[in-house]
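Chemist: Could you have a look at this structure, given as structure tokens, before my questions?
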């Protein structure tokens with residue numbers, strides 16, 4: 001199993017991070033409430049790990065306090081955008097989620113849950129990248145899939 005898809009939550013992850021929401025907001029065009037990622041925990045050349053806390057004001061939260069399934073491709077795409085912005089801090093990257101495939105959802109997150117998003121680039125042609133991502137709660141894998149992101 002690729003390193004970025006192994007369960008990433010540990011006591012160390014919950015304490016350490018390399019960028020908080022304010023720093024992320026300065027790097028990307030997304031702003032709250034559309035900026036869903038709270039912290040960038042780890043980044044390497046072709047992979048990153050981010051953290052999301054599902055709050056009651058989350059745009060994807062439904063009346064039953066579960067998130068809509070469309071949050072998962074969006075979380076993967078936002079983590080890819082933040083990865084690119086962190087790798088190239090002098091360029092304010094913009095990203096567009098252009099497609100997704102092979103999305104498997106085991107369970108939707110609920111309000112109050114802490115989620116970890118792990119991404120790994122699987123292919124890239126100029127500005128278009130396919131990114132594999134997995135979203136975890138503290139106890140289980142919630143979803144996985146691949147998204148195509150156009151980043152300029």
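The values are calculated or read from the model by the stated rules, or taken from the named source; none is laboratory data. For clarity, every value in this text was computed on a predicted model and none was experimentally measured. Neighbour counts run over all protein chains shown; Cβ positions are idealised from the backbone, glycine included.
Chemist: For residue 59, state whether it is surrounded by fewer than 18 Cβ atoms within 10 Å (Cβ to Cβ), within 14 Å of the chain's Cα centre (by Cα) and either touching a residue at least 60 places away in the same chain (Cβ under 8 Å) or farther than 22 Å from residue 124 by Cβ (or both). It would help to see each step written out before you state the result.
Modeler: On the way: surrounded by fewer than 18 Cβ atoms within 10 Å (Cβ to Cβ): yes; within 14 Å of the chain's Cα centre (by Cα): no; either touching a residue at least 60 places away in the same chain (Cβ under 8 Å) or farther than 22 Å from residue 124 by Cβ (or both): yes.
When the stated conditions are applied, residue 59 does not pass them.
Chemist: So which residues in segment 121-140 are exposed (fewer than 15 other Cβ atoms within 10 Å of the Cβ) and touching a residue at least 24 places away in the same chain (Cβ under 8 Å)?
Modeler: Matches in segment 121-140: 122, 127, 128, 138, 140.
Chemist: Kindly evaluate residue 118 against the criterion of being outside any loop (DSSP other than H, G, I, E, B), in contact with a helix residue (DSSP H, G or I) (Cβ under 7 Å, 6 or more places away or on another chain), surrounded by fewer than 19 Cβ atoms within 10 Å (Cβ to Cβ) and touching a residue at least 60 places away in the same chain (Cβ under 8 Å).
Modeler: Working: outside any loop (DSSP other than H, G, I, E, B): yes; in contact with a helix residue (DSSP H, G or I) (Cβ under 7 Å, 6 or more places away or on another chain): yes; surrounded by fewer than 19 Cβ atoms within 10 Å (Cβ to Cβ): no; touching a residue at least 60 places away in the same chain (Cβ under 8 Å): yes.
In short, no.
Chemist: For segment 1-108, which helices (runs of 4 or more DSSP H) that fit wholly inside it have 2 or more residues that are touching a strand residue (DSSP E or B) at 6+ places or on another chain (Cβ under 7 Å) and either at pLDDT 95 or above or under 19 Å from residue 150 (Cα atoms) (or both)?
Modeler: Values: elements: 11-15, 21-27, 71-87.
The helices (runs of 4 or more DSSP H) meeting that bar are 71-87.
Chemist: Identify all residues within segment 130-143 that are under 17 Å from residue 106 (Cα atoms) and within 11 Å of the chain's Cα centre (by Cα); write none if there are none. Break it down into steps so the answer makes sense when it comes.
Modeler: The first filter runs over segment 130-143 and keeps only residues under 17 Å from residue 106 (Cα atoms), leaving 132-143.
Within segment 130-143, 132, 133, 134, 135, 136 qualify.
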